[in-house]
Amino acid sequence: MDLLNDLIKDPFGAAAARELCRRNGLFEPGRLYRRIEISETLRKEFVRRGGASGTTNAAVATVLKKWLLTRASPFRREMRGRYRFLGLERENEGYAGAGVGGFPVRDAPMDYAPTPELEIGAGPCEVYAWCMPGYKAAGDGRWPIRIGRAGTEGFKAQLRDFHENLPERPRYLLRLGCADDAEARRREALLQAWFTERGQQLDEAPGDGWFLANPGQIDEAAQHLMEAELHVGGMTLERMDKLFAEIFKDVPDEEWANLPDDLIDRLDGYLYGVDRYRQ
């Protein structure tokens, strides 16, 4: 009995998608397809062969979103969200690194586990920096770099949420380990402030935390931040109290009255122009 005849009795699923792709003529080996094209083609063929007539493109797309990235799929994801159809040749060991006709193919993004090029400190949370290799085209040796933070899930987990929209694999430039989310927030604010003060922030970039820099500058800023923390860490609380008392003893009372009520809560924001408590 034809397996497909059984599969079309149930709602559209990954098994039905694979069996449909086995049918000659549905897709052309070696050709690139957009995911929406694959969804529409499979939906029409599923219904034509007796599947539920109410099957929607959205239902098919939901199944394909994950299935297309697995090794069971006869497609391989390449640049700009396109998928190259490899057909049954995908199952042959000789095609592990190349598609039909010798086309180069990339590993499925779900298999991609990036390693930070620089890792400082330890901790379940982190401050990270990443960029796209293609952005290196800037003539002054700098390109857009994103500085952000991640909780215990880490940057790698965040990457899994948006990797499908990236045209290429990103460079994971920095992992700055942090003890908790509060420390990650503070270090993120300070690291971003380092580049903001130097006029390197990209205000028109999609999302915040983008700066025009290079990996060397990221490394320098991270090392400077950690060295500053170590220097302060070597000072006793008693010594710090005496130092602050000496500095503030001549400040008039009326000047203290002018300080904002939320100075302590938003200290980084007032000092560096970056609010450590922003979301």
Per residue, how much accessible area does the stretch 180-219 have with a 1.4 Å probe, in Å²?
46 Å²
Difference of contour (0.36 nm per residue) and Cα-Cα distance, Gln223 to Lys44:
58.8 nm
In Hz, Karplus ³J(HN,Hα) per residue of the stretch 39-47 (6.51, -1.76, 1.60; θ = phi - 60°; x = Gly, Pro):
4, 5, 5, 5, 4, 4, 5, 4, 5
Surrounding net charge for Ile8, when Lys and Arg each add one and Asp and Glu each subtract one, Cβ distance under 14 Å:
+3
Chain lengthening between Asp2 and Arg23 when straightened (0.36 nm per residue, less Cα-Cα)
6.4 nm
Report the full-extension gain for the segment Ala58 to Thr70: residue separation times 0.36 nm, less the Cα-Cα distance, to one decimal in nm.
2.4 nm
Order of 147-158, 250-261 by packing, highest average Cβ count within 10 Å first?
147-158, 250-261
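The values are calculated or read from the model by the stated rules, or taken from the named source; none is laboratory data. Source: prediction; values computed, not measured. We place every Cβ from the backbone using ideal geometry, glycine too, and count neighbours over all the protein chains shown. What goes into the accessible areas is simple: the full protein's heavy atoms, side chains included, and nothing from ligands, DNA or RNA. Shrake-Rupley method; radii C 1.70, N 1.55, O 1.52, S 1.80 Å.
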